[in-house]
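The values are calculated or read from the model by the stated rules, or taken from the named source; none is laboratory data. Computed from a prediction, not measured in an experiment: that's the story for all the values here. Using ideal geometry, Cβ is built from the backbone for each residue, glycine included, and neighbour counts are taken over all protein chains shown. With ligands, DNA and RNA removed, areas are computed over all heavy atoms of the protein, side chains included. Shrake-Rupley method; radii C 1.70, N 1.55, O 1.52, S 1.80 Å.
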Amino acid sequence: MKVNFLDLKVQYEAIKDEIAEALQAVLDKTAFAGGPFVAKFEEEFAAYSQTEHAVGVGSGTEALWVALLAGGVGPGDEVITVPNTFIATAEAISFAGATPVFVDVDETTHNMDPNLLEAAITSNTKAVIPVHLFGQPADMDLIRIITKKYGLFLLEDSCQAHGAEYKGKRTGSLGDAGAFSFYPGKNLGAYGEAGAVTTNDADLAAKMKIIRDHGQAAKYYHDVIGWNGRMDGFQGAVLSVKLKYLDQWNDGRRRNADLYRQHLAGIEGIIIPAEADFARHVYHLFAIRVQAMNRDAFMAALGEKEVFTGIHYPVPVHLQKAYASLNLGPDSFPVAEKCASEYVSLPMFPELKEEEIRFVSEEIRKILA
Ligand SMILES: *Cc1c(COP(=O)(O)O)cnc(C)c1O
């Protein structure tokens with residue numbers, strides 16, 4: 001049985017007519033760059049995220065970067081994040097002119113270990129970016145207490161956690177700002193590149209709107225050096241359609257995670273993802289850890305059965321060549337490094353069928369037997 005890692009097509013087929021109508025409306029209005037369709041989506045996404053404002057930008061990477069700039073991060077500053085994230089979290093810090101500083105993660109949530117945060121703070125620390133990896137919120141209470149105590153800007157990397165909740169509150173509403181990616185494969189995916197920043201801070205939202213539009217508050221009067229970071233009109237329109245289905249799709253992912261748990265139960269040599277008490281996990285990825293055999297061999301064996309898997313991510317950021325200048329060698333962050341060497345992401349998307357999950361699980365049982 002062929003089981004794809006991700007299938008964007010089934011979802012598109014289900015909403016095809018609505019999408020076509022939405023795209024036609026953008027064409028009819030020729031509202032291609034920013035404009036009313038983006039503004040409408042911003043309003044809807046802010047409401048969904050339980051925040052006052054959402055600012056649409058070109059990507060999740062840009063959302064992180066624009067938020068850091070508006071938060072006052074610049075050259076000489078340090079920004080604390082985790083090493084087991086997509087490289088974009090660190091890139092945004094670097095392109096704001098600051099230096100990424102890492103703290104290790106908690107082994108059960110795979111997210112920032114709040115108990116390690118305070119020790120990483122220096123007089124240069126300006127901001128902290130917890131990442132809600134795989135769709136599970138980081139443990140935010142202690143992180144928030146510490147950032148408040150030191151007056152640090154708290155930016156959630158919520159690029160994998162659309163609709164996730166921490167103690168009943170949506171991610172993106174838990175710090176000073178939240179950065180979201182609408183890359184097509186994300187839980188809420190555009191049909192192209194897009195991103196947004198959520199915030200309850202009106203000044204911050206105003207700053208971000210100016211930065212993403214060439215530093216202008218009025219047309220051709222440029223108050224600061226900005227950038228072209230607008231979201232395009234088609235993406236705004238597509239995202240408005242898709243946002244209506246996000247809860248339903250996340251429920252599908254949660255059901256699939258439960259099915260995996262049932263069908264994978266009792267298999268020795270793997271660790272199945274845990275959902276923290278404080279979390280409503282939205283399973284952007286379902287990453288197991290393979291300890292009983294070589295990961296490449298495990299993935300190859302599944303591949304032979306046409307079960308397609310991924311690794312998120314094989315090399316933690318501090319060990320990437322791009323960040324060699326940080327001089328952080330192996331064993332700097334033992335938990336993140338150990339997890340990175342064991343992760344295998346199983347097929348996960350809302351429309352995955354129980355028979356497919358059963359098949360994947362049975363094959364895993366056979367491979368590890
Ligand atoms: C996807 C992702 C990003 C970057 O988003 P893009 O839209 O691809 O630029 C940043 N951080 C994390 C954790 C992500 O998963």
Exercise for review: Quickly work out the Ala324-to-Ala274 label distance, labels modelled 7 Å from Cα along the C-beta direction, and quote it in nm with one decimal.
Suggested key: 3.8
Study note, to complete from the structure: For Gln160, the residues 5 or more places away or on another chain with a placed amide H closer than 5 Å to its own amide H are His132
Revision key, fill the gap. Asn228 neighbourhood, Cβ < 9 Å, K/R = +1, D/E = -1, net charge +1
Review point. Distance from the Cα centre of segment 245-259 to that of segment 301-369, in angstrom?
Key: 21
Point to revise | Table column - 3J(HN,Hα) (Hz), segment 340-354, Karplus curve with 6.51, -1.76, 1.60, x for Gly and Pro | key: 4, 7, 10, 4, 9, 8, 7, x, 8, 6, x, 8, 4, 9, 4
Practice item. For Ile15 paired with Arg261, estimate the spin-label separation in nm (one decimal), with each label point 7 Å from Cα along the Cα-to-Cβ line. Key: 2.6
Review point. Each residue of segment 257-267 in turn: what ³J(HN,Hα) in whole Hz from Karplus with 6.51, -1.76, 1.60 and θ = phi - 60°, glycine and Pro shown as x?
Key: 5, 4, 5, 4, 4, 5, 6, 8, 4, x, 6
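Can you tell me the length gained on complete extension of the stretch Glu354 to Ala206, counting 0.36 nm per residue apart and subtracting the Cα distance? Intermediate values should be presented prior to the final figure.
On the way: separation 148, 0.36 × 148 = 53.28 nm, distance 4.61 nm.
Roughly 48.7 nm would be gained on extension.
When ligands, DNA and RNA are left out and all protein chains stay put, how many square angstrom of accessible area per residue does the chain have with a 1.4 Å probe? Mind showing how you got there, number by number?
Numbers: 15550 Å² over 369 residues.
Solvent-accessible surface per residue comes out at 42 Å².
Quick one: if the Förster radius is 35 Å, what FRET efficiency do Ser123 and Lys167 give, using the C-beta to C-beta distance and rounding to 0.05?
0.65
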Exercise for review: For segment 86-112 and segment 189-209, compute the distance between their C-alpha centroids and round to whole Å.
Suggested key: 20
Exercise for review: Would you mind checking which residues have amide H under 5 Å from Ile80's amide H? H placed 1.01 Å from N; only 5 or more apart, or other chain.
Suggested key: Val101, Lys126, Ala127, Val128, Ile129
Point to revise | All lysines inside 19 Å of Lys338 as judged from Cα atoms, apart from same-chain residues fewer than 8 positions distant | key: Lys321
Practice item. Can you send over the carbon and sulfur percentage of the accessible area for the chain, probe radius 1.4 Å, protein chains only? Key: 53
Check your understanding: How large is ³J(HN,Hα) for each residue in segment 31-43, as worked out from phi by the Karplus curve 6.51 cos²θ - 1.76 cosθ + 1.60 (θ = phi - 60°), to whole Hz, x for Gly and Pro?
Key -> 9, 8, 10, x, x, x, 6, 5, 4, 5, 5, 4, 5
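Sum up the charges of everything whose Cβ sits under 14 Å from the Cβ of Glu44, counting Lys and Arg as +1 and Asp and Glu as -1, but leave Glu44 out. Intermediate values should be presented prior to the final figure.
Working: positive: Lys40, Arg170, Lys242, Lys244; negative: Glu42, Glu43, Glu52, Asp247.
Taking every Cβ under 14 Å from that of Glu44, the sum is 0.
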Practice item. Give me the percent of DSSP beta bridges within the chain that run antiparallel, rounded to the nearest 5. Key: 65
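For Ile225 and Asp7, what is the calculated FRET efficiency with R₀ set at 45 Å and r taken between the beta-carbons, to the nearest 0.05? It would help to have the intermediate numbers written out before the result.
Values: r = 42 Å, r/R0 = 0.94.
The calculated FRET efficiency here is 0.60.
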Check your understanding: Can you list residues whose amide H is under 5 Å from Gly226's amide H, if they're 5+ apart or on another chain and H is modeled 1.01 Å from N?
Key -> Gly215
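Let's test the formula: R0 of 22 Å, r as the Cβ-Cβ distance of Ala25 and Ala47. What FRET efficiency results, to the nearest 0.05?
Numbers: r = 21 Å, r/R0 = 0.94.
The calculated FRET efficiency here is 0.60.
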Practice item. As a check on your grasp of the helix formula, calculate [θ] at 222 nm for the chain: sum -39500 (n - 2.57) over DSSP H runs of n ≥ 4, divide by the residue count, round to the nearest 500. Key: -12000 deg cm²/dmol
